[in-house]
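Worksheet: one structure, shown below.
Just so you know, all these numbers are worked out from the coordinates, no wet-lab data involved. These numbers were taken from a predicted model, which means no experiment stands behind them. Ideal geometry is used to build each Cβ from the backbone, glycine not excepted, and the neighbour counts take in all protein chains shown.
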Amino acid sequence: MIYVCDRLQIDFPIIQGGMGNISNAQLTAAVSEAGGLGTIGCGTLAPDEVEKMIMETKRLTNRKFAINIAINVSPYVNELIDLVLKHKIPIVSLSAGNPAPYVPVLKENGVLVIALVASVQHARKAEAAGADILVAEGFEAAGINSNLELTTFTLIPQIVKNVTVPVIAAGGIGDGKGLAAALMLGASGVQIGTRLIATKEAPFHDRYKQNLVDASDTETILIGRSLGRLRRILRTPYAMKLKDLEESGMSLEKYSDMTSEQKHIKGAVEGDMENGFINSGQIAGLIENIPSVKELFASMMEEAENQMDRTMQEFKSMLSDKQN
């Protein structure tokens, strides 16, 4: 944990997940200013749009932030790599594809590489390719998900056991207890996404934020399994329409159109829940308020510390009683 904070030059072991086309400078800067690692998600955005976000984020914070490039999603991967080098972005996370072809040029230019993985095999390959840090994401996470459907609780210890680089836990984490659990599983920190949607600085529609606050533990649904395009979203009128269409035999082309970035923007930014969807991880059931990012991180760190102290005290007391 200390190593990761030192390498990334952050105060807390908390990383912002890439948010695709709804990524923005305001939230990225707020995360970095609060002591975590803010991340600009490139999604399918054109390089000039990403460059504008980079410039705006630099205007809002002097602290380090990362760029997330979804390899098999973006049609502009090479151009985005060029942008990273042009603007001397110190950290890049690579997801949704094989990072190996892009790691050498990044590392040659002093860029720290984070690779998103969803299995032990992926983790080994990413480490062999030269990734400095791995983010291991369970399928509790929001949005596009691994078809392997491995849970965070089982995934983290297996990957930690099989690699030597630090591992960041992602998927189903959004409070201090989740942070403490990830650390106990061997992770060096956490990556969060859904929880950051429901913060004051996040420039998303109030309906999106309120839906997360109101969500129960069973409020997310998985779509796209029959088409090999798994995605976790929040239950809304549009989400149920998608689910019904898939069950009746929707084509991959139709599914791709109905789950496009534009449809996500319609739900997340415009608040149109009848004609657009909103991503959400299973952590939604734990979200009860809309704090600032700084308040969120402070509460997570305090809760994690208290939980670990209390658990260790109870554990030691139990061992003592058994020995006596």
Using 0.36 nm per residue, how much length does the chain from Ser299 to Thr154 gain when fully extended, once their Cα-Cα distance is taken away? 49.6 nm
Could you tell me which of rounded, prolate or oblate describes the chain, using a ≥ b ≥ c as the square roots of the eigenvalues of the alpha-carbon gyration tensor, with rounded for a/c under 1.5 and, failing that, prolate when a/b is larger than b/c and oblate otherwise? rounded
Where chymotrypsin sites (Phe, Trp or Tyr not before Pro) fall in DSSP loop in segment 64-111, at most 13 other Cβ within 10 Å: none
Paramagnetic reach from Met55 (point 7 Å along Cα→Cβ, amide N under 20 Å) across segment 67-94: 67-68, 79-90
Hey, for a label at Ser256 modelled as a point 7 Å past Cα toward Cβ, could you say which residues of segment 114-141 have their backbone N under 20 Å away? none
Which order results if His264, His205 are arranged by neighbouring Cβ count within 10 Å, fewest first? His205, His264
Rounded if a/c is under 1.5, else prolate if a/b is larger than b/c, else oblate: which is segment 37-185, with a ≥ b ≥ c the root eigenvalues of its Cα gyration tensor? prolate
Determine which aspartates and glutamates satisfy two conditions relative to Lys64: a Cα distance under 15 Å, and not lying fewer than 8 residues away in the same chain. Asp6, Asp11, Glu33, Glu56
Report, to two decimal places, the Cα Rg of segment 123-205 normalised by 2.2 N^0.38 Å (N = number of residues). 1.13
Using a Cα distance threshold of under 29 Å, what count of lysine pairs results for segment 235-301 when pairs must be 8 or more residues apart or interchain? 9
Using a 7 Å offset from the Cα along the Cα-to-Cβ direction at both Asn147 and Val213, what is the distance between the two label points in nm, to one decimal? 3.9
Could you pull the Cα extents of segment 175-324 along its three principal axes, largest to smallest, in whole Å? 65, 34, 25
Sparse-neighbourhood loop hits (GluC sites (Glu not before Pro), segment 270-324; DSSP loop; Cβ within 10 Å at most 15 others) -> Glu270, Glu274, Glu288
For segment 206-283, what are Rg and Dmax over the alpha carbons, in angstrom? 11.8, 33
Sparse-neighbourhood loop sites, trypsin sites (Lys or Arg not before Pro) in segment 26-99 - DSSP loop, at most 14 other Cβ within 10 angstrom: Lys88
Grab the Cα-Cα distance for Asn306 and Lys161, subtract it from 0.36 nm times how many residues apart they are, and report the gain in nm with one decimal. 49.5 nm
